[in-house]
Amino acid sequence: MAELSRLNERFGIRDQLAFSKVPGGLVVVEIVNSLAAATVALQGAHLLNWIPRGEQPVIWLSRDARFIAGQSIRGGVPVCWPWFGPHSAHTAYPAHGFVRTVPWQVCETKMLEDGATFVAFRLLRTGATDVFWPHTSVLELGITVGATLELDLMTRNTGPESITIGDALHTYFAVSDVRHIAVEGLEGCPYIDKLDSDKRKQQSGPVTFKTETDRIYLGASADCLINDPGMQRRIRIGKRGSRSTVVWNPWIEKAVRMGDMGENGYLNMVCVESSNAADDVVTIAPGDEHHLWVSYQVESL
Ligand code: BG6
């Protein structure tokens, strides 16, 4: 309770932003303004939902999501850093890096002139995180909650040598039925098919879903659209500082194996992850910073 009072005193914004605890004990920040509502867990700076006013939820969170300290949450926007997928050298290291399961610190909250709310988080460096990442760097995530959702993942190299990172905003988008949507913006892109021995292939036309799908699109810096006739909307994904896009749906068997997707949950989600993965990892010189920035918007169809 003392922790919540301290956070609310220091960073709370009356009638707009407050800290609370969810069952399971994780602390979350809840934001409600005239434009949208959102919830973010301090563990992982993990955005759990974003609902523009008058719209259906845009971000998918599993009905069976567990909110347990040290465990990743199924759905929302997991932050993957400083590697994407399995670690290239250490097979025992966690998939998608280590920052999604550790506490982050709130460093700023503010109301913006257009009615949106801004909250920024910084990764807390500890002895445990140093095991995975023995480099000096700063990692921050800025989240702007408005009619548009903006996420800005900033890596600053504060050490004496270059660092190389992979990163992803591993967003689970809510869709009416994944079998009837199409993802546009990746036409002609080469991709790694993780379900076919990492073979390199080329996308023709929009991406549609009839089975398990797990692909890393390379050199894919264009914006994407998720066309969802069932919800009569499309989600526009704008991005900067991202050269890869990962498209993923676990389909039936993998979803069952995962155990936290909820019954038939795979039908109502698709991950379109703005990232820098595989060939597209980013090298940051001492003193420099890299921003992986995205914006999400809903448009009527
Ligand atoms: C995707 C990967 O980004 O994340 C998949 O491409 C993976 O291979 C999925 O299964 C979920 O990963 P996790 O670690 O959250 O279960």
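The values are calculated or read from the model by the stated rules, or taken from the named source; none is laboratory data. As the structure is a prediction and not an experimental result, all values here were calculated from the model. Quick reminder, even Gly has a Cβ in these numbers, built from the backbone with ideal geometry, and neighbours come from all protein chains shown. All accessible areas refer to the heavy atoms of the entire protein, side chains included, with ligands and DNA or RNA removed. Shrake-Rupley method; radii C 1.70, N 1.55, O 1.52, S 1.80 Å.
If I filter region 287-297 for residues that are touching a Lys or Arg at 6+ places or on another chain (Cβ under 7 Å), within 16 Å of the ligand (Cβ to nearest atom) and either among the acidic types (Asp, Glu) or under 11 Å from Ala168 (Cα atoms) (or both), do I get at least one hit? Checked against the condition, which is being touching a Lys or Arg at 6+ places or on another chain (Cβ under 7 Å), within 16 Å of the ligand (Cβ to nearest atom) and either among the acidic types (Asp, Glu) or under 11 Å from Ala168 (Cα atoms) (or both), region 287-297 yields at least one hit. For region 207-225, the set of residues classified as over 20 Å from Arg243 (Cβ atoms) and more than 15 Å from the ligand (Cβ to nearest atom) consists of Thr208, Lys210, listed by residue number. Every condition in (1) within 16 Å of the ligand (Cβ to nearest atom); (2) open to solvent by less than 20 Å² (accessible area, probe 1.4 Å) holds for Val256 except the one numbered (2).
Considering only residues that are outside any loop (DSSP other than H, G, I, E, B) and more than 17 Å from Phe11 (Cα to Cα), look in region 97-114 and name the one that is nearest to the ligand (Cβ to nearest atom).
Arg100
The single condition among (1) at pLDDT below 95; (2) open to solvent by less than 50 Å² (accessible area, probe 1.4 Å); (3) not small (Gly, Ala, Ser) that Thr126 does not satisfy is (2). In the set Leu151, Leu186, only one residue is touching a Leu at 6+ places or on another chain (Cβ under 6 Å) and crowded, with 16+ Cβ neighbours inside 10 Å; that residue is Leu151.
When you look at Arg233, is it within 11 Å of the ligand (Cβ to nearest atom) and either over 18 Å from the mean Cα position of the chain (by Cα) or modelled with pLDDT under 95 (or both), yes or no?
no
For region 1-49, what are the residues that are among the polar types (S, T, N, Q) and either within 24 Å of the chain's Cα centre (by Cα) or surrounded by 20 or more Cβ atoms within 10 Å (Cβ to Cβ) (or both)?
Across region 1-49, the qualifying residues are Gln16, Ser20, Asn33, Ser34, Thr39, Gln43, Asn49.
Only one entry in Val131, Val138 is over 28 Å from Arg215 (Cα atoms) and part of a strand (DSSP E or B), namely Val138. Could you look through region 166-189, keep only residues that are away from the ligand (no atom under 16 Å from the Cβ) and part of a strand (DSSP E or B), and pick out the one that is nearest to Val40 (Cα to Cα)? Looking at the filtered set, the residue picked out is Ala174.
So in region 77-96, with the set limited to residues that are assigned to a loop (DSSP other than H, G, I, E, B), touching a residue at least 60 places away in the same chain (Cβ under 8 Å) and away from the ligand (no atom under 11 Å from the Cβ), which one is surrounded by the most Cβ atoms within 10 Å (Cβ to Cβ)? Filtering region 77-96 for residues that are assigned to a loop (DSSP other than H, G, I, E, B), touching a residue at least 60 places away in the same chain (Cβ under 8 Å) and away from the ligand (no atom under 11 Å from the Cβ), the one surrounded by the most Cβ atoms within 10 Å (Cβ to Cβ) comes out as Trp83.
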